[in-house]
Amino acid sequence: MKFRYSLQVMTAALGFSVASIGAVHAQASDAPASDAPSAATQLSPADQQFVQDASQADATEIAASKLALKNSNDANVKKFARQMIVDHTKLSHGMAALVAKKGFTATPSADAALVGKLQTLKGRQFDQAYVEQIGLEAHQRAVDLFQQESQSGTDSQLKAAAAHALPTIQHHLAMAQQLAGAMKGSS
């Protein structure tokens, strides 16, 4: 019962946060022209691509982690999934708020092929695929993506945000490596 309640709270919080982002974007869109982002605050094409890629990574990890809460029987996998939902929701909202101020709106969508594949799995098969593909592979790509942006992004605020998020993503990768090791040790 406690688990179902916390999942409902997380789902409600996510819905509220998404609605809040929409309201922030609507306010930015309704602002007078003098309050519109200036050319100096707009993102370069490379920075825009980073935001799109990071947003897709967040959406994929959140969607896959929600599946983990349903399809896994492993308490450690579920604990990892809950942490991914919380952290990636926070990262996603922070990124959306930052780029909205710069006149850019990301259109995050989860990797449908990956989430679809995971959706067909249950139990141990799900756990292995989720930890491998989301925990290890996706987080390694995210570490690389955020390192690249933090080193060579053109927008100073976005570059700083990427550098600030990087330790969290690196920690996720380390957690996934530990989880993968524990799963191999128990087979």
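The values are calculated or read from the model by the stated rules, or taken from the named source; none is laboratory data. Keep in mind the model is a prediction, meaning the values are calculated, not measured. Please note: Cβ atoms are built from the backbone with ideal geometry, for glycine as well, and neighbour counts cover all protein chains shown.
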Pick from the stretch 148-187, criterion over 17 Å from Lys78 (Cα atoms), hydrophobic (A, V, I, L, M, F, W, C) and touching a residue at least 12 places away in the same chain (Cβ under 8 Å), ranking: surrounded by the most Cβ atoms within 10 Å (Cβ to Cβ): Ile169
Selection within the stretch 95-137 - charged (D, E, K, R) and either assigned to a helix (DSSP H, G or I) or closer than 30 Å to Ser150 by Cα (or both): Lys101, Lys102, Asp111, Lys117, Arg124, Asp127, Glu132, Glu137
Identify all residues within the stretch 153-162 that are outside any loop (DSSP other than H, G, I, E, B) and either more than 15 Å from the chain's Cα centre (by Cα) or of a type in the set (Phe, Trp, Tyr) (or both); write none if there are none. Ser156, Gln157, Leu158, Lys159, Ala160
Test of understanding: among Leu136, Leu118, which residue is touching a helix residue (DSSP H, G or I) at 6+ places or on another chain (Cβ under 6 Å), over 19 Å from Ala182 (Cα atoms) and either β-branched (Val, Ile, Thr) or at pLDDT 95 or above (or both)? Leu118
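Of all residues being free of Cβ contacts under 8 Å to residues at least 12 places away in the same chain and of a type outside the set (Val, Ile, Thr) in the stretch 98-147, which is surrounded by the fewest Cβ atoms within 10 Å (Cβ to Cβ)? Just the residue, please.
Residue satisfying both the conditions and the ranking: Ala113.
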Every residue in the stretch 128-182 that is over 21 Å from Asp111 (Cβ atoms) and of a type in the set (Gly, Ala, Ser), please. Ser150, Ser152, Gly153, Ser156, Ala160, Ala161, Ala163, Ala174, Gly181, Ala182
